[in-house]
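Written out below as structure tokens is the structure these notes cover.
The values are calculated or read from the model by the stated rules, or taken from the named source; none is laboratory data. If you're wondering where the values come from, they're calculated on a predicted model, not measured in any experiment. Because the Cβ atoms are built from the backbone with ideal geometry, glycine has one as well, and the counts that use them run over all protein chains shown.
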Amino acid sequence: MRTVTMTVTGRVQGVGFRYSLRSEAERLGVDGWVRNRRDGSVEAFLAGDPDDVEAAIAWAHDGPPGARVDEVDVVEGTGETASGFEIRDTV
């Protein structure tokens, strides 16, 4: 099991990033959550098989059509857990 929190910056709000990430995570079998941040970034927590989490991170480097990803910052092992994948409110 691998857990990470990632912050994605660039043009990542208003382009369906959260919904697309949820779809990709569900396709991969990765649990967690995603939310917009008031600073314009997107933050996500991912938990699952290490290869599947890595695939979700790799997807986030491009994001959905219309997104422009400038940076993906990943913090390992946050100690959080999740079941399923949800879109959370903006913080």
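So R27 ticks every box in (1) part of a strand (DSSP E or B); (2) surrounded by fewer than 22 Cβ atoms within 10 Å (Cβ to Cβ) but one. Which box is left unticked?
(1)
Please specify each residue of region 10-24 satisfying the condition of being among the basic types (K, R) and either surrounded by 18 or more Cβ atoms within 10 Å (Cβ to Cβ) or closer than 21 Å to G79 by Cβ (or both).
Initially, region 10-24 is screened for residues among the basic types (K, R), giving 11, 18, 22.
R18, R22 - these are the residues of region 10-24 that are among the basic types (K, R) and either surrounded by 18 or more Cβ atoms within 10 Å (Cβ to Cβ) or closer than 21 Å to G79 by Cβ (or both).
Conditions tested, residue by residue: (1) modelled with pLDDT of 95 or more; (2) crowded, with 17+ Cβ neighbours inside 10 Å; (3) outside any helix (DSSP H, G or I).
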position: T3; (1), (2), (3): yes, yes, yes
position: V8; (1), (2), (3): yes, yes, yes
position: G32; (1), (2), (3): yes, yes, yes
position: F45; (1), (2), (3): yes, yes, yes
position: V53; (1), (2), (3): yes, yes, no
position: A56; (1), (2), (3): yes, yes, no
position: D62; (1), (2), (3): yes, no, yes
position: T78; (1), (2), (3): no, no, yes
position: D89; (1), (2), (3): yes, no, yes
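What are the pairs, 6+ residues apart or on separate chains, where a residue within region 12-26 that is within 21 Å of D52 (Cβ to Cβ) and without any contact (Cβ under 8 Å) to a residue 24 or more places away in the chain has its Cβ under 8 Å from a residue that is assigned to a helix (DSSP H, G or I) and hydroxyl-bearing (S, T, Y)?
Taking only residues 6 or more apart or on different chains, not a single pair turns up.
Kindly evaluate V74 against the criterion of being surrounded by 17 or more Cβ atoms within 10 Å (Cβ to Cβ) and not in a loop (DSSP other than H, G, I, E, B).
No; evaluated as a whole, the condition is false for this residue.
Which of the numbered conditions does S83 fail, given that it passes all the others? Conditions: (1) surrounded by 11 or more Cβ atoms within 10 Å (Cβ to Cβ); (2) assigned to a loop (DSSP other than H, G, I, E, B).
Of (1) surrounded by 11 or more Cβ atoms within 10 Å (Cβ to Cβ); (2) assigned to a loop (DSSP other than H, G, I, E, B), only one is false for S83: (1).
Between a first residue in region 71-91 that is farther than 21 Å from F17 by Cβ and a second residue that is exposed (fewer than 13 other Cβ atoms within 10 Å of the Cβ) and of a type in the set (S, T, N, Q), which pairs have beta carbons less than 6 Å apart while being 6 or more apart in sequence or on different chains?
none
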